[in-house]
Amino acid sequence: MTDHHTDATADPTGTADLTGTADPTGTADTTEVTRGGIRAFLRGRSELGVCALLLAIGVLVLTDALTMDTDFAQRGPVGPRTVPIVVGVALLVVAVLLAVDVLRGGKGEAEGGEDIDLSAPGDWRTVLLLAGVFLANAVLIEPLGFPISGALLFWGSAYALGSRAFHRDPLIAAVLSTLTFFVFDRLLAVPLPGGPLMEVL
């Protein structure tokens, strides 16, 4: 005859089945579900980070433009605030339109046409040349003026990026630099150093 009895040694008090879960309120599960939902929502929508960046830059540009002191440079209806305000508004519009497109399911197409070797090292020569050109412009803009330093900046940048058209690049750089000087110094009333060419221009 077999003795059928209940083995209560593992839990003599019988409270193991009555304690419930470690989180009786269920808040841990709710938080986990919320986090999982946010992650699932953001997965595949990395462009929203670009939208946030554009939005932040647009707000920063508009704030800086609206708080700019233009009394010293205002010479007409088009002042120093005009371009920053236009750029800031354009950034905000692009950020909103891009966000709407992403939320509607729009996605950027993967680049498949370019032959890029991701294992190749970076082109540090080009980076160093560009850094040297910008540094030289910052040093030379006061003694030489923007028309000359700007021309060197444009020409040096083209050379650093691989252009070797020595009969054409200096001329284009000089035209761009002079045009930029006139637009900012004369039309937008943003003073730029003219250097030795101040009397000529």
At Ala165 and Leu66, where each label point lies 7 Å from the Cα along Cα→Cβ, what is the point-to-point distance in nanometres?
4.3
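Rank these by accessible area, largest first, 1.4 Å probe: Ile85, Ile172. Don't jump to the answer; show the numbers that get you there.
Working: Ile85 55, Ile172 85 Å².
If we order Ile85, Ile172 from most to least accessible, we get Ile172, Ile85.
The values are calculated or read from the model by the stated rules, or taken from the named source; none is laboratory data. Note that this is a predicted model, so its numbers are computed, not measured. As a convention, Cβ positions derive from the backbone with ideal geometry for all residues, glycine included, and neighbour counts pool all protein chains shown. Heavy atoms of the whole protein, side chains included, go into the accessibility calculation; ligands, DNA and RNA do not. Shrake-Rupley method; radii C 1.70, N 1.55, O 1.52, S 1.80 Å.
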